[in-house]
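Below is one structure, written out as structure tokens, with a few remarks after it.
Here, each number is a calculation from the coordinates, and none is a lab measurement. Keep in mind it's a predicted model, so treat the numbers as computed, not measured. Cβ: placed from backbone, ideal geometry, glycine included. Neighbour counts: every protein chain shown.
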Ligand SMILES: Nc1ncnc2c1ncn2[C@@H]1O[C@H](COP(=O)(O)OP(=O)(O)O)[C@@H](O)[C@H]1O
Ligand SMILES: [Mg+2]
């Protein structure tokens, strides 16, 4: 065999340039072959054919502002229906004179969330503490009243988007710690703790939410002592929280399982206690892995809140359905459902995008 | 009795007739071992012979089922207080480093001192930087473990253990997951540590390291300690058949 040796060091070269720009991109991706081009054209035409009449109906020919159905004359969508009922859809039967309180709570919520989500805002830690401890108290006092000279507004009057958000946010926030505890309990080496958690999780996961809501509103009062009454909303919140925590527990557990044993061992070997190790080492990693799963279950909870209609709570969807069922507005179901879809979509899409951002920002090289 | 204990060297780790089973499988059989303070012990033996299990019993990552383990004068039993106390005094370095990937190098080093020893952050960070300097990677303090080479990660892992100021260090094959060119930097760190007087139990097959620092070499096979000798004697004149066979295998032909 011929021995070989080289004395020169090869320089590093830039990679060969590929075609850039929108035209080149379209050529490569949309019109790379005859078949591909045909598919592209057919799809674009199909989308246009479906979209143009819709846009025409929903925007161009639509009526936007007015006071009654008589203002809808153009034959397009009648957004007057939404315009007239906007207060009902947003806060339900919340007294007109007190609506400012719901707006204030919403504003505090938006500012707090922005403070948490926008990078570079200082005092994140204090904002977190505010969001988790102070905000719920402030929001409760403002919404419910009965203190500081605010008239009491019974939860019977809460409705619309306000109710949807209250249920979803309380369900999400309260279920989160409970779900984590259940997940840890299910992996516990203590047989009793483990058994309790397994039974709890499996029972709640095996029942549809609609049943849970029925039970909380119809059956729970049967077990309570005579004369004792728990707020209907509170009962629904407890049911939804427990239900959601069981789902969350399984999501979190899958994250815990993905953490290598060496992480637990290193934490133990350093002398960290079980809870310290969980809090500082295991959970931060496990939760990061399951962010998509967590958000998924939150999104589905957000949409499932519309089931509270069956126990007589009027959330966003229920108020909309109520409005287009009234004789004055019969026939505007499409506008109503589209509006509901839009509002749900905005929130769910927001959650989804936010989770993607969190995922990316948490990505550390492994 | 007082005078007797003064003349006797202080015992850091003592194993008395330790037995352990994994289900039906008898993994440690009547293991007896005394490690004096400041002693460096190297443990070797074929894979599956129970080396890891033995040293993991010393900080209770594994539980022994019979016999007695006394570490730093404290007996390991089901008393959680004892376990916590022992883990504070015993550092451990793993084959796969087991750094916390979501924390920076500095945070890895400060976590236990701050949470277990309740040392204020400033002080913990100062100590951490001191040890990172000793293992020669102070400038990587702000990086995440995933951004470091294997050798650097293992040196961080050593620094992380040292930040707890342990009296005893356990090493479980600290260099066997490393590329050859990185083994030396880790061994150098360990040699330096040995020279500072640390009590060390190392599972390793690095003979150079054993010859340089070990006071004695233990050879394990099938859950038993079957030979214990000075490194010179052990490597040059192994007594037991199985030691001879093992040495001929790791030395190659
Ligand atoms: N958690 C476990 N469960 C069951 N068997 C185990 C477990 N850990 C180790 N073993 C077995 O115990 C024996 C000793 O393991 P180990 O102490 O890791 O050996 P070494 O470190 O000497 O290679 C091996 O046969 C291994 O398969
Ligand atoms: Mg091993």
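For labels at residue A:154 and residue A:25 in the simple 7 Å Cα→Cβ model, what's the distance in nm? Here the modelled spin labels are 5.8 nm apart.
Could you compute Rg(Cα) / (2.2 N^0.38 Å) for chain A, with N its residue count? Walk me through the intermediate numbers first.
Values: Rg = 27.2 Å, N = 366, 2.2 N^0.38 = 20.7 Å.
For chain A, the normalised Cα radius of gyration comes out at 1.31.
Quick one: in segment B:175-237, what % of C-alpha pairs are over 16 Å apart? Present the calculation step by step, with values, prior to reporting the outcome.
Working: 949 of 1953 pairs.
Of all Cα-Cα pairs in segment B:175-237, 49 percent lie more than 16 Å apart.
Shown here are the Rg and Dmax of the Cα trace of segment A:95-152, at 13.1, 39 Å.
Mind ranking A:276-285, B:107-116 by how tightly packed they are, going by the mean number of other C-beta atoms within 10 angstrom, highest first?
On the way: A:276-285: 18.6, B:107-116: 23.0.
Top of the packing list down: B:107-116, A:276-285.
Legend: mean number of C-beta atoms from other chains within 10 angstrom of residue C-beta atoms, peptide B:84-91, equals 3. Working note: Debye formula, equal point scatterers on the alpha-carbon atoms of segment A:1-144, no solvent; log10 I(q)/I(0) at q = 0.10, 0.13 Å⁻¹ is -0.83, -0.93. Which of rounded, prolate or oblate describes the protein assembly as shown when judged by the alpha-carbon gyration tensor and an a/c cut-off of 1.5? Prolate. Relative to the current alpha-carbon distance between residue A:279 and residue A:3, full extension at 0.36 nm per residue lengthens the span by 93.4 nm.
For segment A:47-123, what class follows from the C-alpha gyration tensor (a ≥ b ≥ c being the square roots of its eigenvalues): rounded when a/c is under 1.5, otherwise prolate if a/b is larger than b/c, else oblate? Because a/c hits 1.5 or more and a/b fails to exceed b/c, segment A:47-123 counts as oblate. In the elastic network of chain A, a GNM with C-alpha springs shorter than 10 Å, the most mobile of A:21, A:146, A:46 is A:21.
Taking neighbour counts of Cβ atoms within 10 Å as a proxy for exposure, in what order, fewest first, do B:75, B:192, B:62 appear? Walk me through the numbers on the way to the answer.
On the way: B:75 12, B:192 15, B:62 18.
Ascending Cβ contact count within 10 Å gives the list B:75, B:192, B:62.
Put simply, chain B fits an ellipsoid with semi-axes of 29, 23, 17 Å; these come from the alpha carbon gyration tensor as the roots of five times its eigenvalues, largest first. A P(r) calculated from all alpha carbon pairs of segment B:72-148, with 10 Å bins opening at zero, reads 17, 42, 30, 11, 0 percent. Between residue B:34 and residue B:233, what's the calculated FRET efficiency when r is the beta-carbon distance and R0 is 22 Å? Round to 0.05. With a Förster radius of 22 Å, E is 0.75. Neighbour counting of Cβ atoms within 10 Å sorts the residues B:202, B:57, A:348, fewest neighbours leading, into A:348, B:57, B:202. Here the Gaussian network model covers chain A, with springs between Cα atoms less than 10 Å apart; of A:297, A:32, A:245, A:32 fluctuates the most.
Rounded to the nearest 0.05, what FRET efficiency do residue B:215 and residue A:128 have when you use their Cβ-Cβ distance and R0 = 45 Å? Working shown, then result.
Working: r = 52 Å, r/R0 = 1.16.
FRET efficiency, residue B:215 to residue A:128: 0.30.
Percent relative contact order of chain A, based on C-alpha pairs within less than 8 angstrom and at least six residues apart? Worked out over chain A, it gives 17 percent.
Looking at segment B:121-253, what % of the alpha carbon pairs are farther apart than 21 Å? Could the numbers behind the result be given before it?
Values: 4157 of 8778 pairs.
When every Cα pair of segment B:121-253 is considered, 47 percent fall beyond 21 Å.
Give the order of A:6, A:305 when sorted by the count of other beta carbons within 10 angstrom, beginning with the fewest.
Ascending number of Cβ neighbours within 10 Å: A:6, A:305.
With semi-axes defined as the square roots of five times the eigenvalues of the C-alpha gyration tensor, the equivalent ellipsoid of segment B:20-133 measures 30, 17, 14 Å, largest first. Length available on full extension from residue A:218 to residue A:181: 0.36 nm per residue minus the Cα-Cα distance, which gives 10.5 nm. Simple spin-label estimate for residue A:352 and residue A:39 gives 2.2 nm between the two label positions (7 Å along the Cα-to-Cβ direction from each Cα).
By how many degrees, between 0 and 90 and to the nearest 10, does the Cα long axis of helix B:105-115 differ from the longest principal axis of chain B? For helix B:105-115, the angle is close to 80 degrees.
Take each residue in A:256-269, count the other chain C-beta atoms within 10 Å of its C-beta, and the mean is 5. A simple spin-label model places the labels of residue A:121 and residue B:79 5.1 nm from each other, with each point 7 Å out along Cα-to-Cβ.
From the helices alone, meaning DSSP H stretches of at least four residues, give me the mean residue ellipticity at 222 nm for chain A, per-run term -39500 (n - 2.57), in deg cm²/dmol to the nearest 500. Write out the running numbers ahead of the final one.
Working: 17 runs with 230 residues, N = 366.
Value at 222 nm, helices only, nearest 500: -20000 deg cm²/dmol.
Per residue of B:100-113, how many C-beta atoms from partner chains lie within 10 Å of its own C-beta, taken as a mean? Don't skip to the answer; put the middle values down first.
On the way: counts 9, 9, 8, 5, 1, 0, 0, 1, 3, 0, 0, 8, 9, 2.
Rounded to a whole number, the mean comes out at 4.
Based on the alpha-carbon gyration tensor of segment A:130-174 and its eigenvalue square roots a ≥ b ≥ c, which shape applies: rounded if a/c is under 1.5, prolate if not and a/b is larger than b/c, or oblate? Since a/c reaches 1.5 but b/c is at least a/b, the shape of segment A:130-174 is classed as oblate.
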